[in-house]
Amino acid sequence: MKMLRNAAFGFGLVLAAASAQAQTWTLESSASKLAFGSIKFNDLGEVHSFKSIDGAVAEDGTVTLGIDLSSVETNIDIRNERMMEFVFKNAPRATVTAQIDMGALETLGVGDSTVIEADGVVSLIGNEVDLFGDLFVLRLATDKVLVTTDSMIFLTTADAGIDGGVDKLKELADLPIISRAVPVTMRLIFDADS
């Protein structure tokens, strides 16, 4: 969820890095990825992701990112179902919103990159969490930008309000420990709409 937030402000920044000629941008969902990790038994790490995300950047720099929570992919079907029921409480979506300065990166040429600071708000099962992180922005073409996390971003299950759901997963899987610090990474590609 937190990762979702980072993704949202990340793609907004990406759009800002592209040409100011395009007034709005749309996330290229099939080429973008939002992933998060979990650690159990102290030393067993696993990578999970959301298969369906969407997003856009408006003319005024408002960034919105939507995450289809039912698309969570943990590579174990029963765990996917348990994530939806107990962690996400069958909520259909999580959203990330952010505001960016569309003119701040307009001088970034094709092939040029930069690192920018970003912040946003993630809305998940009735909770809102502030997110902050550094994003790497690469202008792939005049009408396409790539945004990724520049360094590891960590979120906590307490901040996201999902500790109870994680406790239930731990109980069902008979696990002594599931880490409450969640590493999040993202790869977001935005296309200019005009």
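At a glance:
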| quantity | calculated |
| --- | --- |
| Residue that is without any contact (Cβ under 8 Å) to a residue 12 or more places away in the chain, at negative phi and either touching a Ser or Thr at 6+ places or on another chain (Cβ under 7 Å) or open to solvent by 40 Å² or more (accessible area, probe 1.4 Å) (or both), where the choices are Glu85, Glu59 | Glu85 |
| Which listed residue is surrounded by fewer than 16 Cβ atoms within 10 Å (Cβ to Cβ) and polar (S, T, N, Q), from Asn90, Asn80 | Asn90 |
| Residue satisfying all of: in the range 136-145; within 19 Å of the chain's Cα centre (by Cα) and open to solvent by 30 Å² or more (accessible area, probe 1.4 Å); nearest to Phe41 (Cα to Cα) among these | Phe136 |
| Pick from the range 100-128, criterion surrounded by 17 or more Cβ atoms within 10 Å (Cβ to Cβ) and more than 13 Å from the chain's Cα centre (by Cα), ranking: modelled with the highest pLDDT | Leu108 |
| Condition broken by Leu34, with the remaining ones in (1) modelled with pLDDT of 90 or more; (2) part of a strand (DSSP E or B); (3) farther than 16 Å from Leu146 by Cα satisfied | (3) |
| Matching residues, the range 30-48, being under 15 Å from the mean Cα position of the chain (by Cα) and surrounded by fewer than 19 Cβ atoms within 10 Å (Cβ to Cβ) | Ser30, Ala31, Lys33, Ala35, Gly37, Val47 |
| Residue in the range 151-161 that is nearest to Met83 (Cα to Cα), counting only those that are open to solvent by less than 40 Å² (accessible area, probe 1.4 Å) and among the hydrophobic types (A, V, I, L, M, F, W, C) | Ala160 |
| Selected residue [closer than 22 Å to Pro183 by Cα, of a type in the set (S, T, N, Q) and assigned to a strand (DSSP E or B)] from Thr114, Thr148 | Thr148 |
| Residue match in the range 162-183 (condition: outside any strand (DSSP E or B), open to solvent by less than 50 Å² (accessible area, probe 1.4 Å) and closer than 21 Å to Ile53 by Cβ) | yes |
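The values are calculated or read from the model by the stated rules, or taken from the named source; none is laboratory data. Treat the numbers as computed from the prediction; the structure is a model and nothing was measured. Cβ sites come from the backbone with ideal geometry, for glycine too, and all protein chains shown count toward neighbours. Accessible surface areas use protein heavy atoms only, side chains included; no ligands, DNA or RNA. Shrake-Rupley method; radii C 1.70, N 1.55, O 1.52, S 1.80 Å.
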